[in-house]
Amino acid sequence: QQPVQSPQAVILREGEDAVINCSSSKALYSVHWYRQKRGEAPVFLMILLKGGEQKGHEKISASFNEKKQQSSLYLTASQLSYSGTYFCGTERGIQGAQKLVFGQGTRLTINP
Amino acid sequence: DAGVTQSPTHLIKTRGQQVTLRCSPISGHKSVSWYQQVLGQGPQFIFQYYEKEERGRGNFPDRFSARQFPNYSSELNVNALLLGDSALYLCASSLVVGQGLYEQYFGPGTRLTVT
């Protein structure tokens with residue numbers, strides 16, 4: 001089941017903050033966040049596991065609410081380089097393949 | 001260190017033809033996954049291979065097949081191409097950093113156009 005991301009698009013001025021949400025109707029084991037710029041491959045930002053463990057880039061913060069099956073990505077003091085489409089990818093279990101199911105994406109535009 | 005590499009970068013094929021896409025993972029990564037990304041959508045999982053064995057398969061027809069070689073590189077084959085197969089095909093290699101914890105790195109992709 002594909003996770004649902006919100007908002008679908010957001011426009012900010014440089015320095016402003018943004019929150020991108022990723023929700024699933026099924027219980028999740030992990031949530032992964034990626035940023036993709038136009039014409040480029042998705043770039044790994046962070047992985048969050050059920051139970052609280054997480055690993056990612058220093059300047060990125062995110063949360064995983066296991067009760068709500070929702071993850072949020074926090075972008076603070078946004079920079080022009082943050083522009084792109086953000087995808088969350090979810091997994092329901094640790095067994096088996098590293099099979100991420102991606103959301104439809106959130107397009108973030110940062111203006112000077 | 002070199003990232004994930006894919007070849008070719010772009011490819012144009014006609015309906016009914018067959019295509020082979022290639023991927024070399026980051027050195028030290030033993031897992032390779034393939035995704036299809038249609039314009040405006042998130043990547044969709046096709047296959048994962050680990051140590052030359054298929055670990056998972058997405059909801060794709062049997063026209064799609066893949067394999068992984070002893071050096072961990074991988075090929076994705078698509079037979080009897082359809083117009084709907086036009087997409088960006090992404091390869092990703094993974095580094096396990098803990099129990100259930102891994103980082104997945106994508107290659108630049110192969111843009112396949114079927115006419």
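The values are calculated or read from the model by the stated rules, or taken from the named source; none is laboratory data. In this text, all values refer to a predicted model and were calculated from it rather than measured experimentally. Neighbour counts run over all protein chains shown; Cβ positions are idealised from the backbone, glycine included. Please note that ligands, DNA and RNA were not included when accessible areas were found on the heavy atoms of the full protein model with its side chains. Shrake-Rupley method; radii C 1.70, N 1.55, O 1.52, S 1.80 Å.
Of note:
- Solvent-accessible heavy-atom area per residue, rounded to whole Å², over the protein assembly as shown at 1.4 Å: 50
- Residues listed by number, region B:25-46, amide nitrogen under 14 Å from B:Arg111 label point at 7 Å toward C-beta: B:37-40
- Accessible surface of the protein assembly as shown [probe 1.4 Å, protein heavy atoms]: carbon and sulfur percent: 48
- Each Lys and Arg adds +1 at its Cβ and each Asp and Glu adds -1 at its Cβ; summed about the Cα centre, chain A shows a dipole of about 300 debye.
- The mean number of Cβ atoms from other chains found within 10 Å of a Cβ in peptide A:34-43 is 4, as a whole number.
- Mean partner shielding of peptide A:84-90, defined as the number of other chain Cβ atoms within 10 Å of each residue Cβ, is 2.
- The distance between label points at A:Glu14 and B:Leu82 comes to 4.7 nm (points 7 Å beyond Cα on the Cα→Cβ vector).
- Here is the interface size for B with A: some 2000 Å² of accessible area buried, both sides summed, with a 1.4 Å probe.
- Rounded to the nearest 20, the size of the Cβ-charge dipole of region B:5-114 about its Cα centre is 220 debye, with Lys and Arg at +1 and Asp and Glu at -1.
- For the pair B:Glu51 and A:Val43, a Förster radius of 22 Å applied to the C-beta separation gives a FRET efficiency near 0.25, rounded to the nearest 0.05.
- Between the beta carbons of B:Ser65 and A:Leu80, assuming R0 = 35 Å, the FRET efficiency works out to 0.25 to the nearest 0.05.
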